[in-house]
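The values are calculated or read from the model by the stated rules, or taken from the named source; none is laboratory data. Quick caveat: nothing in here was measured; it's all calculated off a predicted structure. Glycine gets a Cβ as well: all are built from the backbone with ideal geometry, and neighbour counts include every protein chain shown. With ligands, DNA and RNA removed, areas are computed over all heavy atoms of the protein, side chains included. Shrake-Rupley method; radii C 1.70, N 1.55, O 1.52, S 1.80 Å.
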Amino acid sequence: LAKFLLTPPIVAISVLLSVTLGAQARDVTFTTADDIATLQSVIDGLESGDRVLLGDGTYSPGYTIYLTNGVTLAGSHYTNCAICPTGKRRVIWMDGAQSVLTNLTITGGATSGWDRGGGIVMYDGVISHCMISNNVATGNNARGAGINILGGTLTHSIVAKNKSTTYGAGIYVGEYGYKTLPKPVLIDRC
């Protein structure tokens, strides 16, 4: 356990996934020089336990990134690697027990009206060592400008400077209409 806690985050996650899944994860490296339009198709083409490793820089997709198949999306460190979408849209939609988002800044996301989670909507998975900042949710019943969590783990991350006109500017746990959360939620050392 001590070795795991002292290991750099991406290596620790790789070890965790390898032990959990019983196989070595495949890595795909992506840089800002690559066509950002292909990032989602790269993620979709991978299997649970595989990783997309983003090089330093700011990535500005014209779409919401969906992490739903157990893939890890990782930067080198949140101070060096950011995802900031073009236009007014959510940055990340996460659903999948083995889906991991790590070492990234998630910024510039926006939702309005009954929509929620300008930065991230998470139904399951793990977010670690991330900065979630400067996302907005506007309109009636806006929720979770930074992150709307319905299940999963948020750990060792910073959630700051997000703005909501209604509820939970940084973090909102739950969703309008849900009486119980669909999955357990853990927010740890943030």
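Does the range 173-183 contain at least one residue that is under 25 Å from Thr32 (Cα atoms) and not small (Gly, Ala, Ser)?
Here is the first cut: in the range 173-183, the residues under 25 Å from Thr32 (Cα atoms) are none.
Taking every residue of the range 173-183 in turn, none turns out to be under 25 Å from Thr32 (Cα atoms) and not small (Gly, Ala, Ser).
Here Trp93 meets each of (1) touching a Lys or Arg at 6+ places or on another chain (Cβ under 9 Å); (2) of a type in the set (Phe, Trp, Tyr); (3) under 21 Å from Thr68 (Cα atoms) with one exception, condition (1).
Looking only at the range 32-49, which residues are in a loop (DSSP other than H, G, I, E, B) and either aliphatic (A, V, I, L, M) or open to solvent by 70 Å² or more (accessible area, probe 1.4 Å) (or both)?
Step one: of the range 32-49, the residues in a loop (DSSP other than H, G, I, E, B) are 32-35, 45-49.
Once the filter is applied, which keeps residues that are in a loop (DSSP other than H, G, I, E, B) and either aliphatic (A, V, I, L, M) or open to solvent by 70 Å² or more (accessible area, probe 1.4 Å) (or both), the range 32-49 yields Thr32, Ala33, Asp35, Leu46, Glu47.
Yes or no: Gly152 modelled with pLDDT of 85 or more and of a type in the set (Gly, Ala, Ser)?
Values: modelled with pLDDT of 85 or more: yes; of a type in the set (Gly, Ala, Ser): yes.
Criteria met by Gly152.
When Ala97 is tested against (1) aliphatic (A, V, I, L, M); (2) open to solvent by 10 Å² or more (accessible area, probe 1.4 Å); (3) assigned to a strand (DSSP E or B), exactly one condition is not met: (3). Residues that are outside any strand (DSSP E or B), touching a strand residue (DSSP E or B) at 6+ places or on another chain (Cβ under 9 Å) and surrounded by fewer than 24 Cβ atoms within 10 Å (Cβ to Cβ) within the range 65-84 comprise Thr68, Gly70, Ser76, Tyr78, Thr79, Asn80, Cys84, listed in sequence order.
Within the range 100-109, count every residue that is assigned to a loop (DSSP other than H, G, I, E, B) and within 9 Å of the chain's Cα centre (by Cα).
Total satisfying the criteria: 1.
Checked against (1) at pLDDT 95 or above; (2) in a loop (DSSP other than H, G, I, E, B); (3) over 20 Å from Val173 (Cα atoms), Val52 passes all but condition (2).
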